Amino acid sequence: MTVLDGIMLVMDDAFDPHWGEAWTRSQVANSLAMPHTYALIVDSEGQINPSDDAREPAGFALIRSAPGEEELLLIGVRPRFRKRGLGRILLEAFFAQARKKNADRVFLEMRANNPARSLYTSLGFEQIGQRRDYYRLSDGSRIDAITFGKTI
């Protein structure tokens with residue numbers, strides 16, 4: 001299974017269409033084709049980027065690098081693998097990669113009512129911005145985006 005296939009397997013399972021957060025296969029492929037974008041895959045045992053192709057992907061993080069910083073573009077864990085600490089494992093791997101790339105800060109953006117907020121704040125992310133009515137939901141309503149940053 002390719003990295004793209006693994007991401008899409010998780011994407012199709014992990015993201016509720018109501019929130020409009022899932023990316024299309026071409027959006028992910030185009031992002032991964034960029035030289036400073038990469039993905040981390042986690043399996044159900046918590047292994048990052050498992051070398052065994054037979055291991056089923058349980059979650060992923062899509063990340064973009066820029067000088068001195070890393071941005072978490074998207075993170076997802078399949079529902080049947082949630083509550084096992086896999087999101088935390090992905091985020092800690094994200095921090096480790098950022099350090100290897102000599103980044104000073106990491107960033108992410110999420111919808112205002114995302115339940116992952118407690119995970120992000122428990123790992124030291126702090127709210128640094130808000131975009132009013134940024135996300136459009138499937139019913140046409142809008143919700144704010146919250147931007148978080150963390151010094152590493």
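The values are calculated or read from the model by the stated rules, or taken from the named source; none is laboratory data. Keep in mind it's a predicted model, so treat the numbers as computed, not measured. With ideal geometry, Cβ positions are generated from the backbone for all residues, glycine too; neighbour counts draw on all protein chains shown. These accessible areas exclude ligands, DNA and RNA; they are computed on the full protein's heavy atoms, side chains included. Shrake-Rupley method; radii C 1.70, N 1.55, O 1.52, S 1.80 Å.
State whether the residues of the stretch 4-13 include one that is open to solvent by 50 Å² or more (accessible area, probe 1.4 Å), assigned to a loop (DSSP other than H, G, I, E, B) and either touching a Phe, Trp or Tyr at 6+ places or on another chain (Cβ under 8 Å) or not basic (Lys, Arg) (or both). No, that holds for no residue.
Look at residue 152 and say whether it is of a type in the set (A, V, I, L, M, F, W, C), open to solvent by less than 60 Å² (accessible area, probe 1.4 Å) and at pLDDT below 95. Criteria met by residue 152.
Every listed requirement among (1) open to solvent by 50 Å² or more (accessible area, probe 1.4 Å); (2) in a loop (DSSP other than H, G, I, E, B); (3) touching a residue at least 60 places away in the same chain (Cβ under 8 Å) is met by residue 21 save one, (1). Checking the condition over 22 Å from residue 80 (Cβ atoms) and either among the aromatic types (Phe, Trp, Tyr) or touching a strand residue (DSSP E or B) at 6+ places or on another chain (Cβ under 8 Å) (or both), which residue from 11, 34, 1 passes? Of the residues listed, the single one that is over 22 Å from residue 80 (Cβ atoms) and either among the aromatic types (Phe, Trp, Tyr) or touching a strand residue (DSSP E or B) at 6+ places or on another chain (Cβ under 8 Å) (or both) is 34.
The residue that is nearest to residue 145 (Cα to Cα), counting only those in the stretch 67-116 that are small (Gly, Ala, Ser) and within 10 Å of the chain's Cα centre (by Cα), is 76. A count restricted to the stretch 124-152 and to residues that are of a type in the set (A, V, I, L, M) and touching a Lys or Arg at 6+ places or on another chain (Cβ under 7 Å) stands at 3. Annotation: of all residues in the stretch 97-114 being outside any loop (DSSP other than H, G, I, E, B) and open to solvent by 40 Å² or more (accessible area, probe 1.4 Å), the one that is farthest from residue 131 (Cα to Cα) is 100. Checking each residue of the stretch 70-82 against the condition of being more than 16 Å from residue 14 (Cβ to Cβ), in contact (Cβ under 8 Å) with a residue 12 or more places away in the chain and out of contact with any strand residue (DSSP E or B) (no Cβ under 6 Å at 6 or more places or on another chain) gives no match. Just one residue in the set 88, 99, 131, 136 is within 21 Å of residue 17 (Cβ to Cβ) and among the charged types (D, E, K, R); that residue is 136. Number of residues in the stretch 62-96 that are part of a strand (DSSP E or B), hydrophobic (A, V, I, L, M, F, W, C) and buried (at least 16 other Cβ atoms within 10 Å of the Cβ) equals 7.
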